[in-house]
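Undergrad: Here you go, one structure.
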Amino acid sequence: MQTTGRLRSQNAKTPSRLHSPGRRQHGYLYRHRTNPQRPKRCPRIPPHQPPLDCPICDRGGECPLQNNTLAYGPSTSRFIEVKRHLPKAYPLSQYVTLDLERCIQCGRCVRFTEEISGDAQLAFRFRGAEMQPSTFQLTDFESKFSGNVIEICPVGALTSARYRFRARPWDLETKPGLCTVTPCGTNIWFDYRGSKFIRINGRTNEAVNEEWTADRCKFGHDFYNDPPASLRQTSE
Ligand code: SF4
C-alpha cells in the first residue's frame, strides 16, 4: 500500500520512470485487462535467461513455462537484448545434467536438498542475474535422492543424463507401478516406448513415498532393457 501511495504522489508531479517511452516499448508494464490505456503499477521483468530451446529441450511437452507461454504469452518475444550464454549440459552428477542458460533461478532444486532430502547439496552461487545453482566447491551432486530435482525443475534446466534425447513425452506410454528395487514399495510411473523401458517418475502416495523416489529406484531399472539371460546365452 505504501508503495502504491508513493507512486501515486510521484506521478502527480513527474511521470514515473516506468512510464518513459523506452520502458513502455520494452513491455515493462502489465496492461489492464479491460482498459489497455491504463497500465497497472506492476513492473514486468522480462526473463532474459531462458533461450528458446523448446524444440530441443527434454522438458518440451511437459514444461510449465512452455504451457504458460502458450496459454498467456505474446506470439512474439518482446526481448530484444542479447541473451546470456552459459554452459549447456554441465554434468552435476552421473544422473543429473544442468543447462544453466535455461535456469530461471526459482530455487526449487536448492530448497529440495535443504528441506526434503536434507543433505543441502545444492546452493546458489553468485547473485543477481549471475545466480546459478551448484554444489559446494563444484563437487559432484552426491545425494541418494538427486533424481527428484529433475522432476521438480519447472523448466528444462535439470535433465536426466539417462533420459536426455532418448524420447519425447508424447512418444511415451505410462503405467502406474511399484518399484521392485527398493524394499519400501515406492509408487512410480513407469514410462516406456514400444517394448523399451525409458524412465521412471515418482507417483504420489502420501502414506509411502509422498511424491519422491530414491535414485536407486529412479535409475535402477535399466536391467529391464537387457535381454533375458536365457536369450543371451543362446545368442552367445
Ligand atoms: S529448479 Fe531448475 S529453474 Fe529452478 S533454480 Fe533449480 S535449476 Fe534453476
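Undergrad: With the contact rule set at Cα under 8 Å and sequence spacing of 6 or more, what percent relative contact order holds for the range 75-178? Display every interim value, and only then the final one.
TA: Details: 125 pairs, mean separation 29.4, N = 104.
About 28 percent, as a whole number.
Undergrad: Can you give the net charge of the other residues whose Cβ lies under 15 Å from the Cβ of residue 54, counting K and R as +1 and D and E as -1?
TA: Working: positive: 59, 83, 88, 102, 168; negative: 53, 58, 62, 99, 101.
Overall, the nearby charge balance is 0.
Undergrad: While we're on this one: Cut-off is 10 Å between beta-carbons; in what order do 99, 53, 222 appear when sorted fewest neighbours first? Write down the numbers at each step before the final one.
TA: Working: 99 24, 53 19, 222 9.
The fewest-first ordering by Cβ neighbours comes to 222, 53, 99.
Undergrad: Does the range 167-236 come out rounded, prolate or oblate, given a ≥ b ≥ c as the square roots of the eigenvalues of its C-alpha gyration tensor, rounded meaning a/c under 1.5 and, failing that, prolate meaning a/b above b/c? Present the calculation step by step, with values, prior to reporting the outcome.
TA: On the way: a/c = 3.04, a/b = 1.57, b/c = 1.94.
The shape class here is oblate.
Undergrad: Holding the Cα-Cα limit at 27 Å, pick out from 144/196; 83/196; 83/144 the pairs that are longer than that. Don't skip to the answer; put the middle values down first.
TA: Working: 144/196 25 Å; 83/196 38 Å; 83/144 35 Å.
Among 144/196; 83/196; 83/144, the Cα-Cα distance tops 27 Å for 83/196; 83/144.
Undergrad: While we're on this one: Pick out, in residue order, every one of the chymotrypsin sites (Phe, Trp or Tyr not before Pro) in the range 70-107 that is DSSP loop and has at most 14 other C-beta atoms within 10 Å; say none if there are none. Kindly include the intermediate steps, with their values, before the conclusion.
TA: Numbers: sites: 72, 79, 95; in loops: 79, 95.
Hits after loop and neighbour filter: 79.
Undergrad: How about the range 123-152: which trypsin sites (Lys or Arg not before Pro) there are in a DSSP loop, with at most 14 other Cβ atoms within 10 Å of their Cβ?
TA: On the way: sites: 125, 127, 144; in loops: 127, 144.
Of the trypsin sites (Lys or Arg not before Pro), the ones in loops of the range 123-152 whose Cβ has at most 14 other Cβ atoms within 10 Å are 127, 144.
Undergrad: Under the rule of at least 5 residues apart or a separate chain, name every residue whose amide H is placed under 5 Å from the amide H of residue 145.
TA: Hits under the 5 Å cutoff: 215.
Undergrad: What is the sum of charges around residue 161, taking Lys and Arg as +1, Asp and Glu as -1, for the other residues whose C-beta is under 15 Å from the C-beta of residue 161?
TA: 0
Undergrad: So, one more: Answer rounded, prolate or oblate for the range 108-236, using the Cα gyration tensor with square roots of eigenvalues a ≥ b ≥ c: rounded when a/c is under 1.5, else prolate when a/b is larger than b/c, else oblate. List each step's numbers first, then the result.
TA: Numbers: a/c = 2.03, a/b = 1.75, b/c = 1.16.
Judged from the Cα gyration tensor, the range 108-236 comes out prolate (a/c at least 1.5, a/b above b/c).
Undergrad: To continue, here is another question. Report, by chain and number, residues whose modeled amide H sits under 5 Å from the one on residue 198, excluding near sequence neighbours (fewer than 5 apart, same chain).
TA: 191, 192, 193
Undergrad: Also: Quick check on the exposure proxy: order 189, 170 from fewest to most C-beta atoms within 10 angstrom. Write down the numbers at each step before the final one.
TA: Working: 189 17, 170 8.
With the sparsest Cβ surroundings first, the list reads 170, 189.
Undergrad: Return the aspartates and glutamates within reach of residue 88: Cα separation strictly under 12 angstrom, same-chain partners fewer than 8 residues apart disregarded; answer none if there are no such residues.
TA: Within the straight-line cut-off, residue 88 pairs with 53, 99, 101.
Undergrad: As a footprinting exposure proxy, order 206, 142, 151 by other Cβ within 10 Å, with the fewest listed first. Provide the component values of the computation, followed by the final result.
TA: Details: 206 8, 142 13, 151 18.
Final ranking by Cβ density, sparse to dense: 206, 142, 151.
None of the figures in this text is laboratory data; all of them are computed from the coordinates on show. Because the structure is a prediction, the values reported are computed rather than measured. Glycine gets a Cβ as well: all are built from the backbone with ideal geometry, and neighbour counts include every protein chain shown.
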